[in-house]
Amino acid sequence: EEEYQSLIRGRNYLWKMRNALHIVAGRREDRLLFAHQVKLAKFFGCSDDDSNKAVEKLMKPYFRTVKELRHITSMLQQHLFETIFAPKRLKIKAINERFRLVDGYLDFADPAQIDQIPQILVEACTLFQNNEKIRGVRSSTLRLMRSKRRLINRQLRLRQDVQASLISIFSQEQRLLETLKLMDDTNLLGRLIPQFKQITGQLQYDLFHVYTVDAHLLNVIWHLHQLNRPETAQELPAASEAMKRLVKPERLFLAGLFHDIAKGQGGDHSQLGEVQSYRFCKDAKMSEYDAHFVAWLVRHHLAMSFTSQREDLNDPEVISRFATKVGNQEHLDNLYLLTIADMRGTGPSVWNDWKGKMLEHLFLATSRALLTNTLPHDEVMPRIQEVQLDSLAQLNKQPRLKTSAQKIWELLDDDYFLSYDANTIAWHVEKLSNASAIDFPLVAFRTHPSIEVVQVLVFATSSDELFTIVAGALDRQHLNVVEARMHPLPNGLTAYTFVVLTPDSYASQSERYLRSSEDEVYHSIINRKIEHSPRSVAPHRVAQHMQFPTRAVFSHSPGSDYTMMEISARDRPGLLYLVVRTLLKHRIKLLSAKITTSGVRVRDVFFIVDRDGNYLADKKSQTVLANDIREAVDSLTHSASQRNTQLKEHS
């Protein structure tokens with residue numbers, strides 16, 4: 001009867017949503033697109049507040065209804081399969097006094113026991129996880145577990161044996177995800193961890209979270225489990241080694257389940273989640289250290305991605321601050337693994353090879369600082385010597401290049417050797433050594449041998465305009481810049497380096513495309529082609545309904561000689577060019593840049609100095625610069641939106 005009523009409620013709810021969808025669309029429309037979600041939220045009287053957006057309020061009951069219907073229909077399908085295809089004689093084997101196997105599927109020996117011993121609902125889950133002979137759970141058993149879920153109240157939940165069973169589930173990687181899904185499908189997970197019930201169906205209204213929060217958390221658990229697979233050792237060797245070092249994997253898996261558990265509650269979900277995860281761990285009788293460990297991971301689960309994508313990882317002070325934050329290798333290992341799983345489990349647009357390399361760079365640099373118990377700036381010279389020796393080893397077959405390398409390196413400062421791996425430095429030496437005077441400006445493209453990115457080297461006479469020229473040329477070739485650096489030499493030349501991602505459409509002809517891009521950059525420099533009109537692209541149909549105001553924020557760390565300018569804006573072609581052209585207008589010098597894209601939003605970090613090489617101290621100048629950047633970026637975005645509107649009206 002309860003299942004029947006759930007199906008009827010679900011049908012009526014979907015009918016209501018579908019009818020409203022037809023009304024707001026003005027026609028028959030059965031696709032719940034983003035544009036319609038915004039209108040439906042307004043239609044049903046939903047409004048934004050400090051905790052949730054109107055669309056999130058609309059969609060939460062929708063996702064919960066769909067999830068409930070999926071569980072019931074899946075259970076019904078299994079029941080019909082068992083009924084129709086069941087053998088005439090069932091093979092029944094007792095497991096213990098409370099459970100049995102029916103043709104390899106778990107079943108209660110006596111369902112009446114559940115009312116007297118409700119904790120056997122949890123025992124069923126642990127039994128399923130630990131016994132590989134169990135093929136699955138019978139549909140009748142699933143129905144019983146769902147119907148009896150309300151027997152799990154606070155008093156039962158806090159029983160020591162129930163908490164011990166719950167922690168034991170997280171301490172074993174065997175069938176962990178399958179067990180959590182079993183608990184989720186039967187609604188036991190939300191009864192045992194009430195915070196999980198609160199985020200079930202919680203929409204994350206942005207363009208890079210493609211799952212609801214509950215689905216994302218289980219997806220993160222899956223990605224954590226994948227890090228233990230043999231193939232991970234090739235793709236992510238540092239993560240594979242860190243996984244082997246885990247002393248108590250249950251702490252990492254608990255942090256994976258709790259890291260976003262406080263979303264939709266208002267306030268900072270990391271801080272709220274820290275409190276809730278600590279309280280859960282203490283209720284589960286975990287030690288004070290382990291409870292704080294899990295809570296620390298939840299509190300800082302965004303710290304590593306933030307640092308790797310927005311700060312200069314070649315700045316010793318950055319590594320020093322991060323090493324101080326993590327404190328020891330155990331915390332670093334767990335945070336690194338959680339960050340990887342969180343990014344990979346968020347959506348396809350969040351993770352890429354380059355972001356993985358930046359994370360690994362931060363992880364290894366911090367590991368070195370923790371291992372030697374010294375500040376990173378004490379390691380600068382040993383690291384430089386190491387990368388130089390490795391570069392020379394790669395040039396070993398060409399003695400002439402080894403001699404050239406020493407002459408070239410005498411012109412470069414320490415920052416250069418801290419910015420690249422040995423293979424990249426060896427490539428730079430090869431290109432510079434084989435170039436003659438008539439080849440300048442030197443422009444070289446190559447696909448990195450171990451990362452799916454393209455590296456660009458430009459070596460030319462120092463010029464304030466050159467960075468802007470190259471940025472415009474790269475944009476004309478539809479190349480997406482993710483990192484940019486410049487290294488002035490005392491002889492009046494400057495080395496400019498870029499890391500770019502190529503368009504997918506050109507993957508099959510990458511070499512020819514890269515040679516074409518080389519020509520475009522070379523001729524742009526020769527012809528001093530500063531002016532460039534970035535192509536006008538209408539915003540993504542989903543992004544049109546989201547607000548991404550362009551902002552520029554300036555900060556300066558004591559002791560540093562540069563200003564960090566962080567720009568957040570809607571992603572669009574030519575964004576880097578527009579920014580550096582504005583910097584050129586203000587006679588601001590760019591030292592390096594890091595570009596991070598999440599969905600259709602970018603957060604770019606620029607390290608800049610004034611014309612005299614000092615950080616920007618004048619607040620008024622910062623305000624004027626920020627306004628000019630916002631005007632330059634928004635003017636093109638507005639023109640693209642207007643063009644899109646005109647096309648719609650025309651059609």
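The values are calculated or read from the model by the stated rules, or taken from the named source; none is laboratory data. Being a predicted model, the structure only gives us computed values, none of them experimental. In this analysis, Cβ positions are derived from the backbone assuming ideal geometry, glycine residues included, and neighbour counts consider all displayed protein chains.
Are any residues in the stretch 307-356 surrounded by 21 or more Cβ atoms within 10 Å (Cβ to Cβ), among the acidic types (Asp, Glu) and part of a helix (DSSP H, G or I), and if so, which ones?
Answer for the stretch 307-356, where residues must be surrounded by 21 or more Cβ atoms within 10 Å (Cβ to Cβ), among the acidic types (Asp, Glu) and part of a helix (DSSP H, G or I): 333, 342.
Looking only at the stretch 236-290, which residues are in a loop (DSSP other than H, G, I, E, B) and of a type in the set (A, V, I, L, M)?
236, 246, 247, 261, 262, 284, 286 - these are the residues of the stretch 236-290 that are in a loop (DSSP other than H, G, I, E, B) and of a type in the set (A, V, I, L, M).
Could you say which residue among 408, 438 is surrounded by 13 or more Cβ atoms within 10 Å (Cβ to Cβ), of a type in the set (Val, Ile, Thr) and assigned to a helix (DSSP H, G or I)? Break it down stepwise before answering.
Working: 438 fails: surrounded by 13 or more Cβ atoms within 10 Å (Cβ to Cβ).
Only one candidate qualifies: 408.
Hey, any hits in the stretch 90-101 for a residue that's farther than 26 Å from residue 190 by Cβ, part of a helix (DSSP H, G or I), among the aliphatic types (A, V, I, L, M) and more than 36 Å from the chain's Cα centre (by Cα)?
The answer is no, given that none of the residues of the stretch 90-101 is farther than 26 Å from residue 190 by Cβ, part of a helix (DSSP H, G or I), among the aliphatic types (A, V, I, L, M) and more than 36 Å from the chain's Cα centre (by Cα).
For the condition at pLDDT below 85 and of a type in the set (Val, Ile, Thr), what is the one hit in 339, 374, 366? It would help to see each step written out before you state the result.
Details: 339 fails: at pLDDT below 85; 366 fails: at pLDDT below 85.
After ruling out the rest, the residue left standing is 374.
For residues in the stretch 601-651 being modelled with pLDDT under 55 and of a type in the set (A, V, I, L, M), which is surrounded by the most Cβ atoms within 10 Å (Cβ to Cβ)? Lay out the reasoning, then the answer.
Here is the first cut: in the stretch 601-651, the residues modelled with pLDDT under 55 are 638-651.
Subset that is of a type in the set (A, V, I, L, M): 640, 647.
On the way: 640: 19, 647: 10.
For the stretch 601-651, the residue satisfying everything is 640.
Could you list, in sequence order, the residues of the stretch 441-458 that are among the small types (Gly, Ala, Ser) and closer than 29 Å to residue 492 by Cα?
Passing the criteria: only 444.
Restricting the stretch 21-40 to residues that are at pLDDT 90 or above and β-branched (Val, Ile, Thr), which is surrounded by the fewest Cβ atoms within 10 Å (Cβ to Cβ)?
Per the criteria, the residue is 23.
Just the residues that are over 15 Å from residue 124 (Cα atoms), in contact with a Lys or Arg (Cβ under 9 Å, 6 or more places away or on another chain) and not polar (S, T, N, Q), please, taken from the stretch 171-190.
190
Going by the structure shown, is residue 35 closer than 24 Å to residue 215 by Cβ and touching an Asp or Glu at 6+ places or on another chain (Cβ under 8 Å)?
Numbers: closer than 24 Å to residue 215 by Cβ: yes; touching an Asp or Glu at 6+ places or on another chain (Cβ under 8 Å): no.
Spelling it out, it is not the case that residue 35 is closer than 24 Å to residue 215 by Cβ and touching an Asp or Glu at 6+ places or on another chain (Cβ under 8 Å).
Looking at residue 126, is it buried (at least 16 other Cβ atoms within 10 Å of the Cβ) and hydroxyl-bearing (Ser, Thr, Tyr)?
yes
Could you count how many residues in the stretch 69-89 are within 23 Å of residue 7 (Cα to Cα) and either in a loop (DSSP other than H, G, I, E, B) or touching a Pro at 6+ places or on another chain (Cβ under 7 Å) (or both)?
So the count comes out to 0.
Within the set of pairs 6 or more residues apart or between chains, which connect a residue that is in the same structural domain as residue 335 (by TED's automatic domain parsing) and buried (at least 19 other Cβ atoms within 10 Å of the Cβ) inside the stretch 224-239 to a residue that is part of a loop (DSSP other than H, G, I, E, B) and modelled with pLDDT of 85 or more with Cβ atoms less than 6 Å apart?
From the stretch 224-239, the pairs are 239/227.
Being farther than 17 Å from residue 352 by Cβ and surrounded by fewer than 21 Cβ atoms within 10 Å (Cβ to Cβ) is the requirement here; does residue 476 meet it?
Taking the combined requirement at face value, the residue satisfies it.
Could you count how many residues in the stretch 462-473 are in contact (Cβ under 8 Å) with a residue 60 or more places away in the chain and surrounded by 21 or more Cβ atoms within 10 Å (Cβ to Cβ)? Before the answer, list the steps.
In the first step, residues of the stretch 462-473 are kept if they are in contact (Cβ under 8 Å) with a residue 60 or more places away in the chain; the result is 464-465, 467-469, 471-472.
After this cut, where a residue has to be surrounded by 21 or more Cβ atoms within 10 Å (Cβ to Cβ) as well, the list is 467-469, 471-472.
The qualifying residues number 5.
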